[in-house]
Each structure stands twice: as structure tokens, then as C-alpha cells.
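Visitor: A single structure is presented below for examination.
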Protein chains: 4
Amino acid sequence: MTTDIADSGVAAEELKQFIERIERLEEEKAALGGDIKEVYSELKGRGFDVAAVRKLVALRKKPPEERAEADAILELYMQALGMQA
Amino acid sequence: MTTDIADSGVAAEELKQFIERIERLEEEKAALGGDIKEVYSELKGRGFDVAAVRKLVALRKKPPEERAEADAILELYMQALGMQA
Amino acid sequence: MTTDIADSGVAAEELKQFIERIERLEEEKAALGGDIKEVYSELKGRGFDVAAVRKLVALRKKPPEERAEADAILELYMQALGMQA
Amino acid sequence: MTTDIADSGVAAEELKQFIERIERLEEEKAALGGDIKEVYSELKGRGFDVAAVRKLVALRKKPPEERAEADAILELYMQALGMQA
DNA sequence: CGCTTAATATAGCCAC
DNA sequence: GTGGCTATATTAAGCG
């Protein structure tokens, strides 16, 4: 493979194609990241709490049962330590 | 704002809209992440070194001049420490 | 400064000192990271839920009032979206 | 285990011990992080390029042979793409 | 399948 | 005070 690169340039072309595909995809991905950031900025401007919304979005990614169970364990541990739940 | 949520549900609707926009954008972003991963998997199957390609892609993100300057300082320091450049 | 490195080696020695200080500190820091990992491993072996303990430790870093307020906002938002709190 | 917590408080005490160990270790770890930051601040004040020194420290973490090999592959790929090495 | 390592999300920090 | 950057913590993937 590596010798192909030095020899004929065939693999070099293949590598170039791969990299261009990656770069195009990453560009689109970064653009979406920018869009998301904009939405947060906008909702912040509308008076919402950004950190809370982030947490909310994260919570919604997990099935409710899992979340409930994790919460239950956490509260149990907090009680064991005498922290207010 | 927060009282609006409790009172009328108007802000609740607005919040819902924001969150749905975010979730849709994140979905698309995750899909692109998957596509990128596939490309790496494919080029790996073709015999390329994934770590090297990742580094290469990262390098290409920075303008060549910057990279050259940063490298120059780094090499200077490396020489000062007696490391092979 | 940079010319000093090339010229006299004085700054080179200074740079070397700085780097050695950093590396020594990072070594100690990494060792503590390993110790922490061991504790988690140990408590896992004793039947505790690692994720929950991590969350608990993180929670304890923040003052209780802050935590309560953040929770209040989050629950408010969840109610606005009709999610079970 | 979890029933022990509710029942007798024995596991609660054990959990408390674990958490205190973790918190003590994290405190020391954070202190070292602060020390490292100070060193960077100091070398910056002495005219060194912080980003370059960070990169240098990172480089030194990897064995020279590995670094050389990785560089070789990277340069091969860069040549294949017609980038200046 | 656990475990180590890399990718991502988050939070703190600094400079502007 | 805000936006970018660094560092950390969490999460997912790949590997043995």
C-alpha cells in the first residue's frame, strides 16, 4: 500500500478522495454545530436558562426508565450521606 | 419569563419549539458523525493508517502559514532541549 | 529571547527547567488520577454504582443553594414540556 | 448492598469513606493542576510561547520511536497529497 | 465482555 | 460581559 503511494500515485489519489469526503462531511457537521450554538444563543436572548435547556436536551436522549432508576440510586446514596435530596 | 411558563403556557410553547429545533439539528449532526466514522472505517479497510489520516485532516484545517510558524517555534524549542526535530 | 536560545543556551536551560517542573507535576497529577480510578474500581467491587457515585461527588462540589436553584429551573422546564419530573 | 444502606447504615458508612477518599485525592489533583498552570504563567512571563511548550510537553510523553514512525507515515501521506512536509 | 483509548460535551479561564 | 480556548469529565468505540 505505502509502496503504491511512492510508486504509482494510485493510492495517493484514493487517499485524496477519502480526505475530501471527510472534509466535506466535517464541514457540514461544523455548520450544524454552529446552528445549534445559534439556537442556544437565541433562546438565551429570550430569557431561558441555557444550562438548564442543555441538561433537558441531554435528559430527553435517555429512556425515562433508565433516568428514573439512576435518580433512585443517586437519591439513595444522598440519603445515606445525609444530603438533602 | 418563568412566570409566563406557569401562567399561560406561552413560553412553554416557545421552549418546546427551541428544543425541537435543537434536537433536529443534533440528529443531523450525529448522522454526519456516523458518515465520517464510516469513511474512516472504509479507508482503514483499504490499508490506510487511520491515526495518520486523522492527524492529516486536522493539519489541513489550519492555514499553512500558521502551521509553519507554530512548527518553527516548536522546532526551535526542541533543538534547545536537544530533541531530534 | 528566541535569539538567546540560539546564541548562548541560557534560555534553553531556563526552558528545560520549566519543562522539567511541568513534567514532574504532571506525573504526580497522573498518579493521583490513577489512585482515584482505583478507588472507583474498589467501590465498584464492593457493589456500589460507579456512575451514581461520580454524580454524587460532582454534586458535592457545588453549594447546595445553587444546586437547588438549578434543579428548580430544570423541573420547571420539564413541567412546561410535560415530562414527568 | 442497597438494602444494607437502608437497613443498618453499615454500607452508608462505607460509601462515606470511599467518597471522602475520592474527594481528598481530587483536591490534591486540583492543587497540582493549579501548580502547573502557575508554571505556564511564569514561563509566559519569561517570554516563552505557551502553546509551543504545551505541544512540546505533549510530544515528550510519547516514546521517540513511536513519534518518529507516526511522523514518517504522516509525511508520506502529506507528500501523496502534495502538501509541504 | 471488560478495559483501555479516543471522541464528545461541558465547564472554567482568559483575552478582548 | 462575551466569545474563544483550554482542560476536564463523560461517553462511546475498538481491542484484546
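The values are calculated or read from the model by the stated rules, or taken from the named source; none is laboratory data. Fair warning: this is a prediction, and the values are worked out from it, not measured in the lab. Neighbour counts are summed over all protein chains in view; Cβ atoms, including those assigned to glycine, are modelled from backbone coordinates with ideal geometry. All accessible areas refer to the heavy atoms of the entire protein, side chains included, with ligands and DNA or RNA removed. Shrake-Rupley method; radii C 1.70, N 1.55, O 1.52, S 1.80 Å.
Visitor: Output the residue which, of all residues in region C:21-50 that are more than 7 Å from chain D (Cβ to nearest Cβ) and within 15 Å of the chain's Cα centre (by Cα), is nearest to D:Phe18 (Cα to Cα).
Guide: In this case the residue turns out to be C:Tyr40.
Visitor: Right, something else. From the list A:Glu69, A:Glu42, A:Glu38, which one is closer than 16 Å to B:Glu13 by Cα and within 15 Å of DNA strand F (Cβ to nearest atom)?
Guide: A:Glu42
Visitor: Within the set of pairs 6+ apart or on separate chains, which have a first residue in region A:55-68 that is under 11 Å from B:Ile19 (Cβ atoms), a second that is open to solvent by 50 Å² or more (accessible area, probe 1.4 Å) and within 16 Å of DNA strand E (Cβ to nearest atom), and C-beta atoms under 7 Å apart?
Guide: Filtered contacts from region A:55-68: A:Val57/B:Glu23.
Visitor: Identify all residues within region A:30-54 that are open to solvent by 70 Å² or more (accessible area, probe 1.4 Å) and touching a helix residue (DSSP H, G or I) at 6+ places or on another chain (Cβ under 6 Å); write none if there are none.
Guide: Matches in region A:30-54: A:Lys44 only.
Visitor: Moving to a separate point now. Of all the residues that make up region A:62-85, how many are open to solvent by less than 70 Å² (accessible area, probe 1.4 Å) and of a type outside the set (A, V, I, L, M)?
Guide: Final tally of qualifying residues: 5.
Visitor: Exactly one of (1) within 16 Å of DNA strand E (Cβ to nearest atom); (2) within 14 Å of chain B (Cβ to nearest Cβ) is unmet by C:Lys55. Its number?
Guide: (2)
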